[in-house]
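A.B. asks: First the structure, then my questions, so here it is.
We did not get these values from a lab; they are worked out from the coordinates using the rules stated. The model shown is predicted, which means the values in this text are computed figures rather than measured ones. Here the Cβ positions follow ideal geometry from the backbone for every residue, glycine too, while neighbour counts run over all protein chains shown.
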Amino acid sequence: MAAPGPEALVAGAVPNVPVPGAAPSTPAPAARPLRKAELHGSVSDPLLDTMNFLNEITLRYPDAISFAPGRPYDGFFDTEQVFTHMRTYLDHLAARGGTPEDIRTALYQYGPTAGQIREIIAESLRADEGIDVPAESVVVTVGAQEAMLLVLRALISGPDDVLMVASPCYVGITGAARLLDVAVHPVEEREDGFHAADLEAAVLAEKARGRRPRAFYLVPDHSNPSGATLTPRARTDLLDLAARHDLLILEDSPYRLVSPGPPPPTLKSLDRTQCVVHLGSYSKTVFPGARVGFAVADQTVADDSGATSLLADELARIKSMVTVNTPSLSQAAVAGALLAAQGLVSELNSRAAAYYGDAMRTMLRALDERLPAARRNALGVRWNRPEGGFFLTVQVPFPADDAALTRSAQDFGVIWTPMSHFHPGAGGGHRALRLSTSYLTTEEIDEGAARLARFIEAGTRAA
């Protein structure tokens, strides 16, 4: 092979070959590390570490029984279902006159930002939930989490706009608020649930400070994390309050149709003043891997010229700069599942709802057996009794913090979630824990309850 010419050496084309007479090279200075203090404050917020911490505990103690994950039960998933759902949707497109080219484009190309299955979702909401809205008011999102982010970005226009939240609260909404620098005002639930009077007092307090309460977020049915459900009276009171104070309600409803028995009406189905933005997800009812959710935003938006649009249109504009569109393959799988059930998610999930109801009853029965009434009264322990959903909460007489969780996993082989993670700000929940019953078998629930009872006994003695 010929030796490189001098021009190559001068140009530095051959590395590590010294050029005669050239000055010795000096090493390049080390790159300055990014300073965390110069990044957005959210990356240092403990709120964003919640899920990582729970995942680390689960991985560190693989033999522990975990009541932490709020996942649907794996036993309902069959790999072939995905292909069946997608074939159902493709047949639907063909039956509506779609050519092979149209169908190929629908699957493989970028799709409409607002979603290509909006009509199917709107029909399902009418059939199953009594929510009668035009398809144009639906935006298909990457899970309900994106829907929350889009709605907050659209509604919060300045530093004096405030998001009110029921507390304890799902960390996804407070996390989204933190990412967007949205002020959050928690409204604590009472022992017997939500009271509209408490929200009204908080709204008036914010207005007195010169701030604008913009929206109120809650999970009205089998809430995450508390497991609480709004009473019919509380729903009416909340809608009346929202109308009086020009407050939008962000209704998150992932657990309604995976619970036994007929659910109470959604807030959106009762909405007569377009004050409810309904957030939905198919993670619990179809499968979470699809990452398909939606927002129903039928509110009218008017600009200074008098031209109007739907809030859904504005959400779609924001989404076009975030995720562009929800993956077409995921939409196809979810649409196929809905079509196969004639839009009735309640029918699609009847077996799952029965399973989750049995799991909750098994958990409550196991707790009653391990900690009978007399014993738990003596210990100062109590828990609520949800009739559905994935979660319940246990009050204990000692700090139920991350350190206690680590001891519980290490010494007793049982994992749970500290309720303090769900109370924004200084919050509360320091002596309470959340249990999820959705992801476990009956045998695991029984054994996990026994381990949990031993942990509670030991924790009470040490307090």
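A.B. asks: Starting from the 7 Å offset along Cα-to-Cβ, what nm value, one decimal, do you get for the label separation of His40 and His245?
C.D. replies: Here the modelled spin labels are 2.8 nm apart.
A.B. asks: Taking the Cα atoms of the range 79-348 alone, what are Rg (to one decimal) and Dmax (as a whole number) in Å?
C.D. replies: Radius of gyration, then largest Cα-Cα span, for the range 79-348: 18.7, 61 Å.
A.B. asks: Ok, one more. So how much slack lies between Asp303 and Thr236, counting 0.36 nm per residue of separation and subtracting their Cα-Cα distance, in nm?
C.D. replies: On the way: separation 67, 0.36 × 67 = 24.12 nm, distance 3.09 nm.
That pair, Asp303 and Thr236, stretches by 21.0 nm at full extension.
A.B. asks: Continuing with this model, one more query. Using 1/(1 + (r/R0)^6) with R0 = 25 angstrom and r between the beta carbons of Arg104 and Met321, what's the FRET efficiency to the nearest 0.05?
C.D. replies: 0.40
A.B. asks: Assuming a ≥ b ≥ c are the square roots of the Cα gyration tensor eigenvalues, decide whether the range 91-202 counts as rounded (a/c under 1.5), prolate (otherwise, with a/b larger than b/c) or oblate.
C.D. replies: Taking the square roots of the gyration eigenvalues as a ≥ b ≥ c, the range 91-202 is prolate.
A.B. asks: Toward the positive end of the charge dipole of the range 79-348, about the Cα centre and with charges on Cβ (Lys, Arg +1; Asp, Glu -1), which of Ala228, Val345, Tyr108 goes farthest?
C.D. replies: Comparing the listed Cα positions along the dipole, Tyr108 ranks first.
A.B. asks: Can you give me the relative contact order of the range 414-463 as a percent, contacts being Cα pairs under 8 Å and 6 or more apart?
C.D. replies: Relative contact order comes out at 30 percent.
A.B. asks: Please report the orientation-averaged projected area of the range 295-363, defined via the convex hull of its C-alpha atoms, in nm².
C.D. replies: About 7.9 nm², averaged over all directions.
A.B. asks: Could you tell me the relative contact order of the chain? Use alpha-carbon pairs under 8 Å, at least six residues apart, and round to a whole percent.
C.D. replies: After rounding, I find 22 percent.
A.B. asks: Also, quick follow-up: Residue by residue through the range 384-398, which ³J(HN,Hα) values in whole Hz follow from phi under the Karplus form 6.51 cos²θ - 1.76 cosθ + 1.60 (θ = phi - 60°), with glycine and proline marked x?
C.D. replies: 8, 10, x, 9, x, x, 10, 10, 9, 10, 10, 8, 10, x, 9
A.B. asks: Restricting to the range 79-348, what percent of DSSP beta bridges are antiparallel, rounded to 5?
C.D. replies: Of those bridges, close to 40 percent are antiparallel.
A.B. asks: Restricting to Cα pairs below 8 Å that are 6+ residues apart, what does the relative contact order work out to for the range 79-348? Please round to a whole percent.
C.D. replies: 30 percent
A.B. asks: Out of all DSSP beta bridges in the range 200-301, what portion is antiparallel? Express it as a percent rounded to 5.
C.D. replies: If we restrict to bridges inside the range 200-301, about 35 percent are antiparallel.
A.B. asks: Give the cross-link partners of Lys319 among the lysines, using a straight C-alpha distance below 25 Å as the criterion and excluding same-chain residues fewer than 8 apart.
C.D. replies: Lys268, Lys284
A.B. asks: Along Cα→Cβ, 7 Å out, is where each label goes; now give me the distance between the ones at Leu48 and Arg212 in nm to one decimal.
C.D. replies: My value for the distance between the label points is 2.8 nm.
A.B. asks: To the nearest 20 debye, what charge dipole does the chain have about its Cα centre, counting +1 at the Cβ of each Lys and Arg and -1 at the Cβ of each Asp and Glu?
C.D. replies: Dipole size: approximately 920 debye.
A.B. asks: Restricting to the range 239-352, compute how many DSSP beta bridges are antiparallel as a %, nearest 5. Intermediate values should be presented prior to the final figure.
C.D. replies: Values: 7 of 11 bridges.
So the antiparallel bridges in the range 239-352 amount to around 65 percent.
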